[in-house]
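A.B. asks: Below is the structure I would like to discuss, written out as structure tokens.
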Amino acid sequence: MSKQVKPFLKWAGGKTQLLSDIEQRFPYAKEETFTFIEPFVGSGAVLFWILNHFPNVQQCIINDINTDLINTYHTIRNDVGALIEQLDVWQSEYHALTLDAERKKAYYYQKRTDFNTKEQPQIQQAALFIFLNRTCFNGLYRVNRSGGFNVPIGSYKTPKICDAPNLKKVSEALQKVIILQGDFKQTLEHAQGNTMFYLDPPYKPLNASSSFNAYAKGEFNDDEQRRLKNFCDTLSEQNHPWILSNSDVNQMEENNFFDELYDDYHINRVLAKRAINSNSAKRGCIHELLITNQAATA
Ligand SMILES: C[S@@+](CC[C@H](N)C(=O)[O-])C[C@H]1O[C@@H](n2cnc3c(N)ncnc32)[C@H](O)[C@@H]1O
């Protein structure tokens, strides 16, 4: 069995495909000792890559504003056995409905309602979060104005809802991770000595019709992008290396927003395959930005 731990969620903007581009710009070698901070962790593709490949990482700190996501990280770290038990039951029940589309649909929407009441005990709420992520349309996470998860059922026949071996590996790997919930700014106080930040905020939409940044109530608008740039300036003043990803809004229409905002830094354009567009014809390769405050090492 592979020892490698992988993200336990599907997540819009997951960074697995950008790992080699990130690696080329990573400020530390595999044997070095450093602290890693990820203020917008999402499904944690970069976190898990670090945990797999950097044995000497001293401390990892992750953060996200999404309370259900962070509750799920806590639950996997502290109560993985009970979580697996619950997911296993729901997986069997759901798979048993494979040939009964109506009841399967009703089962999904009941779980979605249960999740949105926010009245479940912590372990059930985390299990609901994983269940919905595995069974909803494209693994999207989208909420309405009042914070209710509103993604419809996906068309998977027998989705894997309970990946027990990986959940156990994630639980073990998270033992050395500090897990925070809140605004990205609060992570700065955890920086100490050699500390690098990987920042993957909600992307600025490429254009009005591709708008997709409703991970949480309240959008991550241009003012938020500017506030994040100020945060990056503070990190640079304190000599912390950082890598930030975002969309390349300059490729479809003339828009120099990031080129101007990050004028003082290294702006790299890398190829990415985006999978969050519901129209598969539009899922081709596009550029994304990897911005750093240090020149590439490789
Ligand atoms: C592009 S996703 C991160 C994707 C992640 N790197 C991955 O591999 O799955 C952006 C994340 O930022 C979070 N977020 C939005 N606003 C935030 C804020 N002000 N502070 C911290 N996290 C925030 C969202 O909940 C979402 O999980």
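A.B. asks: Return yes when Ile61 is touching a Ser or Thr at 6+ places or on another chain (Cβ under 8 Å), outside any loop (DSSP other than H, G, I, E, B) and touching a residue at least 12 places away in the same chain (Cβ under 8 Å) and no when it is not.
C.D. replies: Judged against the criteria, Ile61 is a match.
Yes/no per residue for (1) modelled with pLDDT of 95 or more; (2) surrounded by fewer than 23 Cβ atoms within 10 Å (Cβ to Cβ):
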| residue | (1), (2) |
| --- | --- |
| Pro27 | yes, yes |
| Lys30 | no, yes |
| Val41 | yes, no |
| Leu47 | yes, no |
| Leu51 | yes, yes |
| Arg77 | yes, yes |
| Gly81 | yes, yes |
| Ile84 | yes, yes |
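A.B. asks: What's the number of the only condition in (1) modelled with pLDDT of 95 or more; (2) farther than 19 Å from Tyr265 by Cα; (3) touching a helix residue (DSSP H, G or I) at 6+ places or on another chain (Cβ under 9 Å); (4) of a type outside the set (A, V, I, L, M, F, W, C) that Tyr198 fails to meet?
C.D. replies: The single condition Tyr198 does not satisfy is (2).
A.B. asks: Counting only residues that are in a loop (DSSP other than H, G, I, E, B) and at pLDDT below 95, how many does the stretch 201-226 have?
C.D. replies: 17
A.B. asks: With respect to Phe258, is the statement that it is in contact with a strand residue (DSSP E or B) (Cβ under 7 Å, 6 or more places away or on another chain) and either modelled with pLDDT of 95 or more or at positive phi (or both) true?
C.D. replies: Judged against the criteria, Phe258 is a match.
A.B. asks: Check His74, His53 and return the single one that is within 16 Å of the ligand (Cβ to nearest atom), more than 22 Å from Leu180 (Cβ to Cβ) and within 22 Å of the chain's Cα centre (by Cα). Write out each step before concluding.
C.D. replies: Numbers: His74 fails: more than 22 Å from Leu180 (Cβ to Cβ).
After applying the criteria, what remains is His53.
A.B. asks: Kindly establish whether Ala106 is more than 16 Å from the ligand (Cβ to nearest atom), more than 19 Å from Pro165 (Cβ to Cβ), of a type in the set (A, V, I, L, M, F, W, C) and part of a helix (DSSP H, G or I).
C.D. replies: On the way: more than 16 Å from the ligand (Cβ to nearest atom): yes; more than 19 Å from Pro165 (Cβ to Cβ): yes; of a type in the set (A, V, I, L, M, F, W, C): yes; part of a helix (DSSP H, G or I): yes.
So Ala106 passes the test.
A.B. asks: Determine which single condition Phe184 fails, assuming it passes every other condition in (1) farther than 24 Å from Asp100 by Cα; (2) surrounded by fewer than 14 Cβ atoms within 10 Å (Cβ to Cβ).
C.D. replies: So the condition that Phe184 fails would be (2).
A.B. asks: Let me ask another. In the stretch 176-190, which residues are more than 16 Å from the ligand (Cβ to nearest atom) and more than 19 Å from the chain's Cα centre (by Cα)? Quick ask: steps written out before the conclusion?
C.D. replies: Just the residues of the stretch 176-190 that are more than 16 Å from the ligand (Cβ to nearest atom), to begin with: 176.
None - no residue of the stretch 176-190 is more than 16 Å from the ligand (Cβ to nearest atom) and more than 19 Å from the chain's Cα centre (by Cα), so the list stays empty.
A.B. asks: Can you tell me which of Ala82, Ala45 is not assigned by TED's automatic domain parsing to the domain that holds Gly148 and not hydroxyl-bearing (Ser, Thr, Tyr)?
C.D. replies: Ala45
A.B. asks: Mind checking whether some residue in the stretch 15-37 is more than 16 Å from the ligand (Cβ to nearest atom) and either aliphatic (A, V, I, L, M) or in a strand (DSSP E or B) (or both)?
C.D. replies: Yes; the residues of the stretch 15-37 include at least one that is more than 16 Å from the ligand (Cβ to nearest atom) and either aliphatic (A, V, I, L, M) or in a strand (DSSP E or B) (or both).
The values are calculated or read from the model by the stated rules, or taken from the named source; none is laboratory data. Fair warning: this is a prediction, and the values are worked out from it, not measured in the lab. Neighbour counts run over all protein chains shown; Cβ positions are idealised from the backbone, glycine included.
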